[in-house]
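S.K.: Dropping a structure here in structure tokens format, bear with me for questions.
The values are calculated or read from the model by the stated rules, or taken from the named source; none is laboratory data. Treat the numbers as computed from the prediction; the structure is a model and nothing was measured. Positions of Cβ are generated from backbone atoms using ideal geometry, with glycine treated the same way; all protein chains shown enter the neighbour counts. Just so you know, the surface numbers come from the protein's heavy atoms only, side chains and all, with ligands and any DNA or RNA stripped out. Shrake-Rupley method; radii C 1.70, N 1.55, O 1.52, S 1.80 Å.
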Protein chains: 4
Amino acid sequence: MRLKLSMALAVLFGTAAHGAERARDLGIPFEGVPGALNAITDVKGVTVGHATLHGKSEAGKAIHTGVTAILPRGAASGSTPVFGAWFAQNGNGEMTGTAWIDESGYVEGPVMLTNTHSVGVVRDAVIAYRVGQGDADASGYWWSLPVVAETWDGHLSDINGFHVKPAHAIAAIENAKGGAVPEGNVGGGSGMVCHEFKCGIGTASRTVSVDKRAYTVGALVQANYGLRDSLRIAGVPVGQHLRNDRVYSEAMPKPADTGSIIIVLATDAPLLPHQLKRIAKRATMGLARMGSYAGNGSGDIFLAFSTAKPADRDGAPSTAEFIGNERIDPLFEASVQATEEAIVNAMVAARDVLDGIDGNYAKAIDHRALIDLMKHHQRYQKPTGTK
Amino acid sequence: MRLKLSMALAVLFGTAAHGAERARDLGIPFEGVPGALNAITDVKGVTVGHATLHGKSEAGKAIHTGVTAILPRGAASGSTPVFGAWFAQNGNGEMTGTAWIDESGYVEGPVMLTNTHSVGVVRDAVIAYRVGQGDADASGYWWSLPVVAETWDGHLSDINGFHVKPAHAIAAIENAKGGAVPEGNVGGGSGMVCHEFKCGIGTASRTVSVDKRAYTVGALVQANYGLRDSLRIAGVPVGQHLRNDRVYSEAMPKPADTGSIIIVLATDAPLLPHQLKRIAKRATMGLARMGSYAGNGSGDIFLAFSTAKPADRDGAPSTAEFIGNERIDPLFEASVQATEEAIVNAMVAARDVLDGIDGNYAKAIDHRALIDLMKHHQRYQKPTGTK
Amino acid sequence: MRLKLSMALAVLFGTAAHGAERARDLGIPFEGVPGALNAITDVKGVTVGHATLHGKSEAGKAIHTGVTAILPRGAASGSTPVFGAWFAQNGNGEMTGTAWIDESGYVEGPVMLTNTHSVGVVRDAVIAYRVGQGDADASGYWWSLPVVAETWDGHLSDINGFHVKPAHAIAAIENAKGGAVPEGNVGGGSGMVCHEFKCGIGTASRTVSVDKRAYTVGALVQANYGLRDSLRIAGVPVGQHLRNDRVYSEAMPKPADTGSIIIVLATDAPLLPHQLKRIAKRATMGLARMGSYAGNGSGDIFLAFSTAKPADRDGAPSTAEFIGNERIDPLFEASVQATEEAIVNAMVAARDVLDGIDGNYAKAIDHRALIDLMKHHQRYQKPTGTK
Amino acid sequence: MRLKLSMALAVLFGTAAHGAERARDLGIPFEGVPGALNAITDVKGVTVGHATLHGKSEAGKAIHTGVTAILPRGAASGSTPVFGAWFAQNGNGEMTGTAWIDESGYVEGPVMLTNTHSVGVVRDAVIAYRVGQGDADASGYWWSLPVVAETWDGHLSDINGFHVKPAHAIAAIENAKGGAVPEGNVGGGSGMVCHEFKCGIGTASRTVSVDKRAYTVGALVQANYGLRDSLRIAGVPVGQHLRNDRVYSEAMPKPADTGSIIIVLATDAPLLPHQLKRIAKRATMGLARMGSYAGNGSGDIFLAFSTAKPADRDGAPSTAEFIGNERIDPLFEASVQATEEAIVNAMVAARDVLDGIDGNYAKAIDHRALIDLMKHHQRYQKPTGTK
């Protein structure tokens, strides 16, 4: 398997392979004003890295999986936590480290996304990585509770082969950078499927003004949820029109929604942990705009953090700036909007995977058909630029 | 004031005054299959009563307020609790009795909806009513934690006049019955406003099949939330088109969303308390379909209960039937759909209030304009009956 | 009834009637260093007021009830909120306003304690009081969610007579002051019973040093929980030795614990809302030291707030000082210790009530017997002063 | 290292090495009636297995660590879930799988305890083990969220060496059996320290009668929390008397409590998930009796499950028997009592570890001194048997 994985690792350190359009390039209308990149990396300091595995196992089984790392403060994430909070709209999934987020109000270190069966290896790898960096002081327990979340890519990938290794987790971390974020079949999103279309990683952002100060909210999703029927895009019931290549046959009894979605919201707005909990809860509302009802099998788990507060986790009394609750609405609205667009971006950026495990496949959504539906419903909005 | 209130009480015991259309009568498309009444009262045993106060105080101030009572088991609600759970998407509001719901898994007695400043009087009145009925046994503490929720009708009504009296709470309870539920400007919804349109009480239901058994999910809302801009109906961005008579002038700086919405979901499906928590959390997703982002000022608090389990609160080991988690999705989907339609029904059923306090007013949404928007966006669905 | 209540009101505005010893005056050992008053009022700015009703109703039924008000910032509590959080160890009780505490991170206005059946009247009275003071601006919804908690005094008092009136709530607020806090059969604690001894209001405090700064944690309890058997004081199984005058006869089947305890923790240490949640959860541990297992019937609900943050609820970005999590332990320990001592103080300060409703009575714990038990178990600690 | 670990594995499959007394053998008084084994295995069907690693790494570093597996239904745990719930009194720790426990109401598969840095390897190993057993059906996601909890044994063991391997996790599972449970320096408890004494795994149980039916509550703890000062045993302030060999020198500034405790409560009483949450919250109260204040650095995370409900996770409507809330108190009390005794058992069963990493060591509590303290405080209770 060594050879094949090194092929995968070539992809891993590369930049985004495909020159994908994004949702608003197709004329899909969204509310609000995106940041320069329309990506989570519009939040200053946030970096994102992917380790992508596409290949075959020694036993000949298809591998489409990987790891995505979000570093709230880039390379400084290890030493300088951010205020954070999480929320589960439907907890059929794993996000490690959440008890400590609730308790401490902090997200410490990177936020890792991978497949369901690789949460453990990624978790321990993050600890080992930090031990290796000499972060391991006597009171180092706080970095021993990494945040690792997952969705299940077993429809396309040999998830029971446990192909993600510690090196992939570390590669995702070390590969993290600012700028445009590769989307679709990359990193943790490599093998993901949503609304029965090929899906994966997507991102978006919004800028808002509060008391004349500009703030950014960025979203990054690993989207793997939902049935075709329920899909709405920009309010149009797309899933009722585009019926091709459903994962579940029309003849089948209605299947359970066994997917999941991890949504990470980042902001530079100064918010306290209990306010970030409120931000995390707005991810539900962006997801709901897509038609989701958060099916039983779906692990819909969300994380929000603010890069505004400088360190001082353990120090003498320190201070935190924060926005008054009565001024927070633009950030709520931005969170809903960025979540919605990030999901559509994940879907638009994804490419067909035809060689999945056990003969399974997942096709990307048809961009042309999507444009036509927008036009039919008087929702098409002529693209003005390329974000 | 005595005279004026007795006039109000005439309304109170009357049936629904207006022969209102409902949302689907206008051609607004919804998913799923409604029950016979398309109302929370499709859930067998559930009754609803309103006490409606429209008038003027002795000081000449406008009164548009009231109380709505939902009795999970009709007249037997006092002696026989139901399994229940609650959830706050945004807790800027009051729902009393929730600590005990969390702890016990039960909703005991009626569920009362009123204005923000009358929660206390209604709460104590419910206790007194039950004392008066001789329910007051030694271990009666359990009926001493009534569930009373509120939204703020001070835009139209003299909320600081405290016009709701114990008799109104009791009237709402005693007036409760099955059958069609009056909607719009009635009961607790009398003075409510949503998306800057006159709003109030709305209801809807869905029937689903799980393992070949039919179940019903009913929703009742007291809707008072949201700004005009964000309003979506059936995915159409209605609020961006209908700009008349906004509560907040276009010239004004963007106002905070200071409204609220209480959503009550009832079902006859056998669900355990932790499953009903899941149902309650789906109300968020129905609300989100309307464009809401749950603004800071909005008390978006939801309650779900199941009428399936027969009593036996204190008994020897008893048994509860329940649906396996893996079969629960149709109930989730129904909860989202019923919530969405109940809100639109509240808006469609409401009628202009032009004589609000301090010269304020709120106009109902224009049905004709709404139909036109549905047609323009290819979303109009010809009404087939009248529910 | 007017005459009798005016007699009660004489008590109401008086100072503590009895020159009661406090727990440590009896030689009961406690850990930690109390503040000057060993009371919640050691936290600068906090004031406490009681309205006490002892008397008989017109129907001749015994009344032993009242209202206690805790004002986090004294008279400025109405306009200047404090950071706060709450926790229910067992939610068989009511504390209104908690959804907004969770959401906003603030406690706004006074914290009111009363009997179970008077939560409503006290709640609405707090709103009316603030309306009367002209606090009622357009966005005044935030003061419309008062915090009112309760325990059940129906064993001694005519709780079904609803004898608490708005005037009593207002009297408790207006009577609030700093300095020594009357304990025992006063205010909301007038008719309360714990571990089958007469009980009521108790308070205590601790001072700690964090990074060379001194902070105070104060506790105030309205204690009405627990059976005799389980009572431990300073680790001594007192309840197994003192068997007199149990509320429940030895011959009776073991009764349920149907009491409750409200615990309010105040501190001047700068803590953020999520940290105050942690403080509130420590109240459980102080309660557990008394032998409680938080019986099903017990509403064990706790509130914590910090007076450190100055106002600015709605302002432009403001700042909050806070103590790093890694320095917080002394405040946790102080919270446990102050809770424990406040409960014992409530018990020690209480006086026999022999004329309860229906011939019921509750005797105070025997101070001499308690001292003897401490000595027998080598736990007696000679009092050094009088706090 | 292979040789040394195989030595460790010899221990692993052995029975308890030391013929340890247990707490009540020393005359420490406890309340309530224990089961036949005074162990979590008194709950029928529950099995426990340890994998214990004592040795040295190739680099010569001390290893004192391991894995403990609790199988709620013994070998059938993989296919038949139990109702469960969890609670964090202080979330400075990891317990994976909790989002799904909250959501589903189930604990599925084994409950694993290990050191902080080995949670990941144990988690993925549990999945791989089940894949290997052919449990991997298409909807197998539910067994992909294993429950693994941890405490930090880095004071004695080379935690940064990552010595726990998948084989150890599997050995703990396969080694699980009923009967007496080895305590002290075994399994996940091998390197643990509490109140600055050597500690580790402890267990206890209580039998109670509810409506004439007998039920058992069992506790198993992995105890690694607390400072010496705060230690109370049976109400006696033991930590203030026994001052030898503290981990933290008297001369040092007061250290933070950086330990943790995982408490698992099992019962055969029929309880619904929301009732098991209540049980889990009582673990706090047992812990508090030991003098703990749940320090910031302590991961105090608790799990409760009931073996009463037979399977049927996904089935057609099934039924669950459950005890009425009003009859639940004996189970609450038993939970507190069993937790308290399990912790003392962990401490009493532990043996000195003198060869910890970096020259660290931890001594066991002196049994003779403990007996003397009980006698001095009139708390000694002559042992009647040997449990």
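S.K.: Can you say whether C:Ala294 is within 8 Å of another protein chain (Cβ to nearest Cβ) and at pLDDT 95 or above, as far as the supplied structure shows?
M.R.: For C:Ala294, the condition - within 8 Å of another protein chain (Cβ to nearest Cβ) and at pLDDT 95 or above - is met.
S.K.: Ok, one more. Tell me, yes or no, whether region B:223-230 has at least one residue that is among the basic types (Lys, Arg) and open to solvent by less than 10 Å² (accessible area, probe 1.4 Å).
M.R.: Yes, that holds for at least one residue.
S.K.: Give the residues of region B:186-222 that are in contact with a His (Cβ under 7 Å, 6 or more places away or on another chain) and open to solvent by 10 Å² or more (accessible area, probe 1.4 Å), sorted by residue number.
M.R.: Scanning region B:186-222 gives B:Val186, B:Val193.
S.K.: Return yes or no: is B:Ala346 among the aliphatic types (A, V, I, L, M), more than 10 Å from chain A (Cβ to nearest Cβ) and closer than 24 Å to A:Pro237 by Cβ?
M.R.: yes
S.K.: Follow-up question, since we're still on this one. Of all residues being touching a helix residue (DSSP H, G or I) at 6+ places or on another chain (Cβ under 8 Å) and assigned to a helix (DSSP H, G or I) in region C:130-139, which is most open to solvent (accessible area, probe 1.4 Å)? Just the residue, please.
M.R.: Per the criteria, the residue is C:Val131.
S.K.: Now a separate question. Being modelled with pLDDT of 95 or more, open to solvent by less than 10 Å² (accessible area, probe 1.4 Å) and within 14 Å of chain C (Cβ to nearest Cβ): is that true of A:Leu303 here?
M.R.: No: the conditions fail for A:Leu303.
S.K.: Please enumerate the residues belonging to region C:288-312 that are closer than 22 Å to C:Asp268 by Cα and not aromatic (Phe, Trp, Tyr).
M.R.: C:Ile301, C:Leu303, C:Ala304, C:Ser306, C:Thr307, C:Ala308, C:Lys309, C:Pro310, C:Ala311, C:Asp312
S.K.: Looking at (1) free of Cβ contacts under 8 Å to residues at least 40 places away in the same chain; (2) within 30 Å of C:Ser57 (Cα to Cα); (3) not aliphatic (A, V, I, L, M), which is the only condition C:Ser298 fails?
M.R.: Of everything listed in (1) free of Cβ contacts under 8 Å to residues at least 40 places away in the same chain; (2) within 30 Å of C:Ser57 (Cα to Cα); (3) not aliphatic (A, V, I, L, M), C:Ser298 misses just condition (1).
S.K.: Please enumerate the residues belonging to region B:355-379 that are part of a loop (DSSP other than H, G, I, E, B) and within 23 Å of the chain's Cα centre (by Cα).
M.R.: Correct list: B:Gly356, B:Tyr361, B:Lys363, B:Ala364, B:Ile365, B:Asp366.
S.K.: Filter region C:361-387 down to residues that are open to solvent by less than 60 Å² (accessible area, probe 1.4 Å) and at pLDDT below 95 and give me whichever is nearest to C:Val217 (Cα to Cα).
M.R.: C:Gly385
One line per residue, one yes/no per condition, for (1) at pLDDT 95 or above; (2) within 14 Å of chain D (Cβ to nearest Cβ):
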site	(1), (2)
C:Phe197	yes, no
C:Val217	yes, yes
C:Val221	yes, no
C:Arg246	no, no
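S.K.: Check B:Pro182, B:Pro166 and return the single one that is open to solvent by 20 Å² or more (accessible area, probe 1.4 Å), under 15 Å from the mean Cα position of the chain (by Cα) and either among the β-branched types (Val, Ile, Thr) or modelled with pLDDT of 95 or more (or both).
M.R.: B:Pro182
S.K.: Just checking, does region C:263-272 include any residue being open to solvent by 10 Å² or more (accessible area, probe 1.4 Å), assigned to a strand (DSSP E or B), within 14 Å of chain D (Cβ to nearest Cβ) and in contact (Cβ under 8 Å) with a residue 12 or more places away in the chain?
M.R.: So far as region C:263-272 goes, no, none of its residues is open to solvent by 10 Å² or more (accessible area, probe 1.4 Å), assigned to a strand (DSSP E or B), within 14 Å of chain D (Cβ to nearest Cβ) and in contact (Cβ under 8 Å) with a residue 12 or more places away in the chain.
S.K.: With respect to the numbered conditions (1) within 25 Å of A:Gly286 (Cβ to Cβ); (2) at the interface with another protein chain (Cβ under 7 Å from one of its Cβ atoms), which one is the sole condition not fulfilled by B:Ala320?
M.R.: (1) is the only condition that B:Ala320 fails.
S.K.: Being within 23 Å of A:Gly324 (Cβ to Cβ), open to solvent by less than 10 Å² (accessible area, probe 1.4 Å), within 14 Å of chain B (Cβ to nearest Cβ) and assigned to a strand (DSSP E or B) is the filter here; which residues of region C:71-129 pass it?
M.R.: Answer for region C:71-129, where residues must be within 23 Å of A:Gly324 (Cβ to Cβ), open to solvent by less than 10 Å² (accessible area, probe 1.4 Å), within 14 Å of chain B (Cβ to nearest Cβ) and assigned to a strand (DSSP E or B): C:Gly84, C:Ala85, C:Tyr106, C:Val107.
S.K.: What tally of residues in region A:36-62 results from selecting those that are among the acidic types (Asp, Glu) and at positive phi?
M.R.: Qualifying residue count, region A:36-62: 0.
S.K.: Being in contact with a helix residue (DSSP H, G or I) (Cβ under 7 Å, 6 or more places away or on another chain) and over 17 Å from B:Val217 (Cα atoms) is the requirement here; does B:Pro81 meet it?
M.R.: No: the conditions fail for B:Pro81.
S.K.: Would a scan of region B:320-334 turn up a residue that is open to solvent by less than 50 Å² (accessible area, probe 1.4 Å), part of a loop (DSSP other than H, G, I, E, B) and in contact with a Pro (Cβ under 6 Å, 6 or more places away or on another chain)?
M.R.: Taking every residue of region B:320-334 in turn, at least one turns out to be open to solvent by less than 50 Å² (accessible area, probe 1.4 Å), part of a loop (DSSP other than H, G, I, E, B) and in contact with a Pro (Cβ under 6 Å, 6 or more places away or on another chain).
S.K.: Among the residues of region A:79-98, is there at least one that is over 30 Å from D:Gly105 (Cβ atoms) and touching an Asp or Glu at 6+ places or on another chain (Cβ under 6 Å)?
M.R.: Looking through region A:79-98, at least one residue is over 30 Å from D:Gly105 (Cβ atoms) and touching an Asp or Glu at 6+ places or on another chain (Cβ under 6 Å).
S.K.: Still on this structure, I have one more. Considering each of B:Thr80, B:Thr41 in turn, give the residue that is touching a Lys or Arg at 6+ places or on another chain (Cβ under 7 Å) and closer than 28 Å to B:Val210 by Cα.
M.R.: Just one listed residue meets the conditions, B:Thr80.
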